[in-house]
Number of protein chains: 2
Amino acid sequence: MKDIAAKACVSISTVSLVINHRDKGRVKPDIAATIWKVAEELGYHPNAMARSLRSGRTHTIAFISDQVATTPYAGEIIHGAEDAARQLGYMMFIIDADDERDISGDIDRMLSWGVDGYIYAKFANRYISVPPTLDDLQVVVVNAEERTVIHPRIEPDEFSIGYDATARLIHAGCRRIAYIGCDEPAIAQVGRFKGYRQALKDAGIPFDKRLTNRVSHGRPALEAVCKLLDDTHPDGVFAFNDARAVYVYDYAFQHGLTIGEDLSVIGVDNHEVICDTTVPALTSVELPHYEMGFWGACKIISMIEGTDPIAQNRVTPAYNAAPTPPLDNDGPTLIRCAIIEKKSIVGGPLKDKDSTPAQAEETSEQTTAAAVATA
Amino acid sequence: MKDIAAKACVSISTVSLVINHRDKGRVKPDIAATIWKVAEELGYHPNAMARSLRSGRTHTIAFISDQVATTPYAGEIIHGAEDAARQLGYMMFIIDADDERDISGDIDRMLSWGVDGYIYAKFANRYISVPPTLDDLQVVVVNAEERTVIHPRIEPDEFSIGYDATARLIHAGCRRIAYIGCDEPAIAQVGRFKGYRQALKDAGIPFDKRLTNRVSHGRPALEAVCKLLDDTHPDGVFAFNDARAVYVYDYAFQHGLTIGEDLSVIGVDNHEVICDTTVPALTSVELPHYEMGFWGACKIISMIEGTDPIAQNRVTPAYNAAPTPPLDNDGPTLIRCAIIEKKSIVGGPLKDKDSTPAQAEETSEQTTAAAVATA
DNA sequence: GTGAAAGCGCTAACAT
DNA sequence: ATGTTAGCGCTTTCAC
């Protein structure tokens, strides 16, 4: 900056004004032009360190998460958060926080860095508690719930996942709809199951316990699924996730049935590897990982800056099967998940023109909250 | 720091010495103790910004990658890199570099930050070219190849993957071994196929073209796999990856065969969702994503600091099915991949005591390099 | 053993 | 419309 000032025969402050675009009506345009030219020639890059030291703001956020990796669904949350952060001029640090590992050291490092805000994410919708050290700072929770709400957060609308998936099967003509559940009584299992029951109820279809089970994976899961299908012969199956839906395919192969013709199946995750590997491709409710990450970064930056980057159109998601919810909510935000149509439901993919199945009512938010509270 | 100095009745420089552990024999121990106590009381955190401004080093690296997310195999590279970086006192920025997107803006930001080094990673082993802007800086390439080698890099030993997988099947008694290949002539396809042929040759088994094909995914892939199996009735199948191995399972279900008893299968990726969902669980060659990320961070930090953190035992991988290769190599490093034993091969998982199948010779590195060069 | 002081590159209040 | 100057918090040289 000193060099630029010297070469352009102006003072350092003038250079600073120009470089920071605060020269409107303060610096003569031709001088400003010269400064830009010289800066270019010299290959000038402002020193972020010095700038932050002076301004007290680092334009940096930290993404703290369990298993940055170990789940295959992981990356899109990071992707979405990075995308929003980048568009808004922020850099994002990544911190892996295994449940077992003590992250106080990392938090100290973050405090030393003067990170402007924190995204605390989980890769499966779980109960968490944010380390108390962070409570005084700007924190957003993504894809998780705190038992007592302290920080703004976003998570999938699990009730609606169950409701919409079931309603989609009903819309395709299914009347005996099985639910292959998850053996862990997690937020997701409870919410999706409630949605399933509500959709049946709204369609006047009686709930039949024999059509549901709860499984893990591997041979016991496959056997349980086969038994359920053998015993009850459903015409549609809503699986807790895509992996569990695979067992329905296995059953179909064994019994000479064709998914999408003899039997409809819908999963959850829209897991790329599974949904595009299965034949026919599996219709699935997509968990909006990208969108949640994107929302999280927008939210934390809005808290830092006191503005609303979404309302101001300063940022565009690269992907939004699920529309980005608004930021003006400091409590829990539920995000509605989209069904990604493939070919595993009788009648084939829904075209835009086709009437869409009834969706869960707006009240679903309270319903889920209640479901979860009693879980 | 000023506050500490005041409260401890010493000068700022003394505080600095103590905080930075450079007080040995220079500051009286009791004074040092006081300083630590006061620092603790005041909740002092050194200001990394000021420190970096002064020292010119940020202890920060950038992880630049395509599709941070969109592949499900993604995260472990990040995980490994973050793990090593953290243990060595570095923070890691994440930058998503979609092939289409212009990342010069991001690079400018990195230059502004004064990032100490760059990891340039891909999530599928591909040819890349590192942006020339980075050529003057410290760069390590992970899971990719440059057409002309400029930067140190690490990638999976694709030849050995093919060799070891095939040898494993031979060891289990298979003699008619099919290869379900990939329709893209990528580095991985070429290398694994060469390894497959070499293993057959070394075992004195003639190569039979009819036992191999190359498929994509979905119905055409399933049909091609079924046709191959119908036509040739192999006793073992080496699949390019786990997703393609699934079609062998589908075939088996349709024909009442049992994988692991009537037919052996081995995949590549050790993709969690697939390998633990299939019945029986799929034995697979694991791509050492964590290990490559870990190596990449160690390597870039060794270049920055001029030391060898691995040799100095300053760092421990959380996971190493594949042992971390040494850092003293500024050209390409190939990493040998481990077979993760599950239950899809006749005779069951290999115990430690069992004799292991012959492995590709040490010369495989040259062989792969050659294979790849002519690809 | 300890302290004073310069300066890393930049911003912003103030002076001209 | 432009220049001067005082720090941001820290490290490090040098003097005591």
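The values are calculated or read from the model by the stated rules, or taken from the named source; none is laboratory data. Not measured: the values here are computed from a predicted model. We place every Cβ from the backbone using ideal geometry, glycine too, and count neighbours over all the protein chains shown.
In this structure, does residue A:50 turn out to be in contact with a Leu (Cβ under 7 Å, 6 or more places away or on another chain) and within 11 Å of chain B (Cβ to nearest Cβ)? Break it down into steps so the answer makes sense when it comes.
Values: in contact with a Leu (Cβ under 7 Å, 6 or more places away or on another chain): yes; within 11 Å of chain B (Cβ to nearest Cβ): yes.
When the stated conditions are applied, residue A:50 passes them.
On the given criteria, is residue A:35 surrounded by 13 or more Cβ atoms within 10 Å (Cβ to Cβ) and within 16 Å of DNA strand D (Cβ to nearest atom)? Before you say what the answer is, go through the steps one by one.
Details: surrounded by 13 or more Cβ atoms within 10 Å (Cβ to Cβ): yes; within 16 Å of DNA strand D (Cβ to nearest atom): yes.
Yes.
Hey, among B:76, B:40, which residue is of a type in the set (D, E, K, R), away from DNA strand D (no atom under 16 Å from the Cβ) and not in a loop (DSSP other than H, G, I, E, B)? Don't jump to the end; show me each part of the working.
Details: B:40 fails: away from DNA strand D (no atom under 16 Å from the Cβ).
Going through B:76, B:40 in turn, the sole match is B:76.
Which condition number does residue A:79 fail, the rest of (1) at the interface with another protein chain (Cβ under 7 Å from one of its Cβ atoms); (2) more than 30 Å from residue B:274 (Cβ to Cβ) being met?
With (1) at the interface with another protein chain (Cβ under 7 Å from one of its Cβ atoms); (2) more than 30 Å from residue B:274 (Cβ to Cβ) applied to residue A:79, the lone miss is (2).
Are any of the residues in the stretch B:22-41 more than 8 Å from chain A (Cβ to nearest Cβ) and away from DNA strand C (no atom under 16 Å from the Cβ)?
First pass over the stretch B:22-41, keeping only residues more than 8 Å from chain A (Cβ to nearest Cβ): B:22-41.
Among the residues that remain, those that are also away from DNA strand C (no atom under 16 Å from the Cβ) are: B:40-41.
Yes: one or more hits.
So which residues in the stretch A:57-73 are more than 16 Å from DNA strand D (Cβ to nearest atom), touching a Phe, Trp or Tyr at 6+ places or on another chain (Cβ under 6 Å) and at pLDDT 90 or above?
Result: A:61, A:62, A:64.
Take the stretch B:10-21 and flag every residue that is within 7 Å of DNA strand C (Cβ to nearest atom) and either touching a Ser or Thr at 6+ places or on another chain (Cβ under 9 Å) or under 17 Å from residue A:112 (Cβ atoms) (or both).
B:10
Check A:172, A:144, A:167, A:188 and return the single one that is in the same structural domain as residue A:320 (by TED's automatic domain parsing) and modelled with pLDDT of 90 or more. Give the derivation first.
Numbers: A:172 fails: in the same structural domain as residue A:320 (by TED's automatic domain parsing); A:167 fails: in the same structural domain as residue A:320 (by TED's automatic domain parsing); A:188 fails: in the same structural domain as residue A:320 (by TED's automatic domain parsing).
None of the other options fit; the residue is A:144.
Suppose we filter A:183, A:135, A:208 for residues that are surrounded by fewer than 18 Cβ atoms within 10 Å (Cβ to Cβ), free of Cβ contacts under 8 Å to residues at least 40 places away in the same chain and within 21 Å of residue A:243 (Cβ to Cβ); which single one remains?
Working: A:135 fails: within 21 Å of residue A:243 (Cβ to Cβ); A:208 fails: within 21 Å of residue A:243 (Cβ to Cβ).
Of the residues listed, the single one that is surrounded by fewer than 18 Cβ atoms within 10 Å (Cβ to Cβ), free of Cβ contacts under 8 Å to residues at least 40 places away in the same chain and within 21 Å of residue A:243 (Cβ to Cβ) is A:183.
Search the stretch A:351-375 for residues being touching a helix residue (DSSP H, G or I) at 6+ places or on another chain (Cβ under 9 Å) and among the charged types (D, E, K, R), and hand back the single one that is modelled with the lowest pLDDT.
Taking the candidates together, the pick is A:365.
Out of (1) more than 16 Å from DNA strand C (Cβ to nearest atom); (2) at pLDDT below 95, what's the single condition that is false for residue A:52?
(1)
When you scan the stretch A:230-237, do you find a residue that is within 14 Å of chain B (Cβ to nearest Cβ) and under 26 Å from residue B:244 (Cβ atoms), even just one? Steps first, answer last, please.
Let us first name the residues in the stretch A:230-237 that are within 14 Å of chain B (Cβ to nearest Cβ), namely none.
Looking for residues that are within 14 Å of chain B (Cβ to nearest Cβ) and under 26 Å from residue B:244 (Cβ atoms), one finds none in the stretch A:230-237, hence no.
Of all residues in the stretch B:8-30, count the ones that are farther than 20 Å from residue A:49 by Cβ and buried (at least 16 other Cβ atoms within 10 Å of the Cβ).
8
Failed condition for residue B:201, given (1) under 30 Å from residue A:223 (Cα atoms); (2) out of contact with any His (no Cβ under 8 Å at 6 or more places or on another chain); (3) without any contact (Cβ under 8 Å) to a residue 24 or more places away in the chain, with all others met?
Condition not satisfied by residue B:201: (1).
Where the second residue is more than 14 Å from DNA strand D (Cβ to nearest atom) and the first is touching a residue at least 24 places away in the same chain (Cβ under 8 Å) and lies in the stretch B:31-51, which pairs have Cβ atoms under 9 Å and are six or more apart or on separate chains?
Pairs that qualify, where the first residue is touching a residue at least 24 places away in the same chain (Cβ under 8 Å) and the partner is more than 14 Å from DNA strand D (Cβ to nearest atom), are B:34/B:9.
Would you pick out the residues in the stretch B:84-121 that are of a type in the set (Phe, Trp, Tyr) and either under 11 Å from residue B:58 (Cβ atoms) or over 18 Å from the mean Cα position of the chain (by Cα) (or both)? Don't jump to the end; show me each part of the working.
We begin by selecting, within the stretch B:84-121, every residue of a type in the set (Phe, Trp, Tyr); these are B:90, B:93, B:113, B:118, B:120.
Within the stretch B:84-121, B:90, B:93, B:113 meet the criteria.
Can you tell me which of B:26, B:54, B:22 is charged (D, E, K, R), in a helix (DSSP H, G or I) and either within 13 Å of DNA strand D (Cβ to nearest atom) or not assigned by TED's automatic domain parsing to the domain that holds residue B:305 (or both)?
Working: B:26 fails: in a helix (DSSP H, G or I); B:22 fails: in a helix (DSSP H, G or I).
After ruling out the rest, the residue left standing is B:54.
Inside the stretch A:276-303, can you point out the residues that are over 18 Å from residue A:333 (Cα atoms), crowded, with 22+ Cβ neighbours inside 10 Å, within 14 Å of chain B (Cβ to nearest Cβ) and not polar (S, T, N, Q)?
A:279, A:282
Of all residues in the stretch B:245-296, how many are outside the structural domain of residue B:213 (by TED's automatic domain parsing) and in contact with a Leu (Cβ under 9 Å, 6 or more places away or on another chain)?
1
Taking the stretch B:109-132 as the region of interest, how many residues are within 10 Å of another protein chain (Cβ to nearest Cβ) and at pLDDT below 90? Spell out how you get there, then give the answer.
First, the residues of the stretch B:109-132 that are within 10 Å of another protein chain (Cβ to nearest Cβ): B:109-115, B:123.
So of that shortlist, the ones also at pLDDT below 90 come out as B:123.
Of the residues in the stretch B:109-132, 1 are within 10 Å of another protein chain (Cβ to nearest Cβ) and at pLDDT below 90.
Does residue A:10 satisfy being within 21 Å of residue B:105 (Cβ to Cβ), within 10 Å of DNA strand D (Cβ to nearest atom), more than 34 Å from the chain's Cα centre (by Cα) and not assigned by TED's automatic domain parsing to the domain that holds residue A:316? Steps first, please.
Numbers: within 21 Å of residue B:105 (Cβ to Cβ): no; within 10 Å of DNA strand D (Cβ to nearest atom): yes; more than 34 Å from the chain's Cα centre (by Cα): yes; not assigned by TED's automatic domain parsing to the domain that holds residue A:316: yes.
So residue A:10 fails the test.
Have a look at B:306, B:348 and point out the one that is at pLDDT 90 or above, at positive phi and surrounded by 14 or more Cβ atoms within 10 Å (Cβ to Cβ).
Numbers: B:306 fails: surrounded by 14 or more Cβ atoms within 10 Å (Cβ to Cβ).
So the residue among B:306, B:348 that is at pLDDT 90 or above, at positive phi and surrounded by 14 or more Cβ atoms within 10 Å (Cβ to Cβ) is B:348.
Go through A:268, A:237 for me and flag whichever is in contact (Cβ under 8 Å) with a residue 60 or more places away in the chain, of a type in the set (Val, Ile, Thr) and touching an Asp or Glu at 6+ places or on another chain (Cβ under 8 Å). Lay out the reasoning, then the answer.
On the way: A:237 fails: touching an Asp or Glu at 6+ places or on another chain (Cβ under 8 Å).
Residue meeting the stated conditions: A:268.
Scan the stretch A:85-108 residue by residue and report those that are part of a loop (DSSP other than H, G, I, E, B) and more than 10 Å from chain B (Cβ to nearest Cβ).
Taking the stretch A:85-108 as the starting set, the residues that turn out to be part of a loop (DSSP other than H, G, I, E, B) are A:88-90, A:97-103.
Those that are part of a loop (DSSP other than H, G, I, E, B) and more than 10 Å from chain B (Cβ to nearest Cβ): A:88, A:97, A:99, A:100, A:102.
Of the conditions (1) facing chain B (nearest Cβ under 8 Å); (2) touching a strand residue (DSSP E or B) at 6+ places or on another chain (Cβ under 9 Å), residue A:138 fails just one. Which one is it?
In the conditions (1) facing chain B (nearest Cβ under 8 Å); (2) touching a strand residue (DSSP E or B) at 6+ places or on another chain (Cβ under 9 Å), residue A:138 misses (1) alone.
Considering the stretch B:194-205 alone, what residues qualify as being hydrophobic (A, V, I, L, M, F, W, C) and surrounded by fewer than 24 Cβ atoms within 10 Å (Cβ to Cβ)? Before the answer, list the steps.
Let us first name the residues in the stretch B:194-205 that are hydrophobic (A, V, I, L, M, F, W, C), namely B:199-200, B:203, B:205.
Across the stretch B:194-205, the qualifying residues are B:200, B:203, B:205.
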